[in-house]
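Participant: Next up is a structure, given as structure tokens.
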Amino acid sequence: MTRPVLRWLPFLAALLALAPLPAFAQDAKVDSGVTAWMLTSTALVLLMTIPGLALFYGGMVRKMNVLATVMQSFAICCLVAVLWMVVGYSIAFSNGTQFLGGLSRVLLMGIDWSAPFTLGAGTDAAVPTVIPESVFVMFQMTFAIITPALIAGAFADRMKFSSMLVFVALWSLICYAPIAHWVWHPQGFLFAWGVLDFAGGTVVHINAGIAGLVAAIVIGKRKGYPNANFAPHNLVLSLVGASLLWVGWFGFNAGSALAADGRAGMAMLVTMVASASGALAWMFAEWAAKGKPSVLGIISGAIAGLVAITPAAGFVFPGPALIIGAVAGLVCFWASTSLKNAMGYDDSLDCFGVHGVGGIVGALLTGVFAAGTFTATATSPDGYQGLLEGNPGQFLLQVYGVVITVIYTAVVTFVLLKIVDVIMGLRVEEDIERDGLDIGLHGEMVH
């Protein structure tokens, strides 16, 4: 009885092999390899803030303020993580208007925790991925964390901890999240214009740098600046912090490909090249100007190179990366020394000089050097073309993106700082600033 059935089995198997798979079986599958890479990248970016930035900034302040400085980075990490989960992610990355996301992801509601995530699903320029939305939420959270943490370098040694928390909370939701939507969401108007920012030149670095400059001016100079001794208390900490930032930056830039492919590999390569080039350029410029190369100089140059390559990482090849890093090292050295001294503002740890200026350099040079097969997308099959590839329009778009970001960030930051100042005051009392924020604000000190 069973033999006739057995004779039909090969024929049935052949039919099943020829039959197309259901669409959901092909389209709704998370890629475990890419997801593993994105989980790794996310951890690397978090490493940039804690402990990377905490140590980098902590080593550059005076000993009496080191705990207050590392506390800022750690507390900002905790605060922004909660805000991002509650509402920040929804403002930045849910569908809404060209200026703001909606509220469909408040408290992360409506997320399919296992299916692949499509950014801007249902819009004309939706970006499909092969990772779960939970991973994308966490990856972008680490960017939202480090951006306001960078600002703290501009007002080191003199801002109230309570006022800093209130300012960061407001700034993250009113300044960071909207700009992230403009640049990285398919509905964002800068995204639609074609402004290129692969991993955060405008969203992170120009945004933080301009906010830092405004904060430094509004809060005012440190007591005794520039004549008092503000030398770093432990550059070993700063070098370790810069090294962690450098390693974490591979997740920052290569992870922004949202894939484990040739583009991610190229982004990692150009990140390494630009950072090394920036470090050497700053070192040699300082050597020529001051007679000695310093540890603070070479690590600052490395960060400048990393900042500048960030917007360009997915759009350029190693040769241009070498140039971008070198230009950033030289220009940021000038901005952190000559420009700062000439203008008279007290940007304590050179947030504006490195991140603001470096971000502008990188964003503009992206419009010059963008080229190549690794820049191709589904909507741009020939790849993005920069000025050197015969497309001056891309450079102009980069200028527009920089100008809009600078103006919006400056205005919003100024208004928020003034509001916080009126309500609770921005600056610590004079005796706390004189004796140290560690004891005055936190009741602790490094022995």
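The values are calculated or read from the model by the stated rules, or taken from the named source; none is laboratory data. Being a predicted model, the structure only gives us computed values, none of them experimental. A quick note on method: Cβ atoms are made from the backbone with ideal geometry, for glycine too, and the neighbour counts reach across all protein chains shown.
Participant: Does TRP287 count as modelled with pLDDT of 95 or more, in contact with a Ser or Thr (Cβ under 7 Å, 6 or more places away or on another chain) and more than 29 Å from ASP31 (Cβ to Cβ)?
Facilitator: In short, no.
Participant: I need the full set of residues from segment 229-259 which are part of a loop (DSSP other than H, G, I, E, B) and farther than 19 Å from LEU46 by Cβ, in order please.
Facilitator: Passing the criteria: ASN229, PHE230, ALA231, PRO232, HIS233, ASN234, ALA259.
Participant: A follow-up question, please. Of all residues in segment 369-398, how many are in a helix (DSSP H, G or I), in contact with a helix residue (DSSP H, G or I) (Cβ under 7 Å, 6 or more places away or on another chain) and modelled with pLDDT of 90 or more?
Facilitator: Selection size over segment 369-398: 5.
Participant: Here's another thing I want to ask about it. Just one of VAL106, VAL70 is among the aliphatic types (A, V, I, L, M), touching a helix residue (DSSP H, G or I) at 6+ places or on another chain (Cβ under 6 Å) and under 30 Å from LEU244 (Cα atoms); which is it?
Facilitator: Criteria check complete, one pass: VAL70.
Participant: If TRP84 passes every condition in (1) touching a residue at least 60 places away in the same chain (Cβ under 8 Å); (2) of a type in the set (Phe, Trp, Tyr); (3) part of a strand (DSSP E or B) but one, which one does it miss?
Facilitator: (3)
Participant: Any idea how many residues of segment 275-299 are acidic (Asp, Glu) and within 26 Å of the chain's Cα centre (by Cα)?
Facilitator: 0
Participant: Quick one: what pairs do we get from segment 182-200, first residue more than 12 Å from ILE404 (Cβ to Cβ), second among the polar types (S, T, N, Q) and not in a loop (DSSP other than H, G, I, E, B), C-beta under 6 Å, 6+ apart or different chains?
Facilitator: Partner pairs satisfying both residue conditions: LEU196/THR366; PHE198/SER256; ALA199/ASN253; ALA199/SER256.
Participant: Out of curiosity, is PRO178 assigned to a loop (DSSP other than H, G, I, E, B) and over 18 Å from GLN72 (Cβ atoms)?
Facilitator: no
Participant: Take the residues in segment 201-230 that are modelled with pLDDT of 95 or more and small (Gly, Ala, Ser); name whichever of them is surrounded by the most Cβ atoms within 10 Å (Cβ to Cβ).
Facilitator: Filtering segment 201-230 for residues that are modelled with pLDDT of 95 or more and small (Gly, Ala, Ser), the one surrounded by the most Cβ atoms within 10 Å (Cβ to Cβ) comes out as GLY201.
Participant: With in contact with an Asp or Glu (Cβ under 8 Å, 6 or more places away or on another chain) and either assigned to a loop (DSSP other than H, G, I, E, B) or in contact (Cβ under 8 Å) with a residue 60 or more places away in the chain (or both) as the only criterion, which of ASP112, ASP124 stands out?
Facilitator: ASP112
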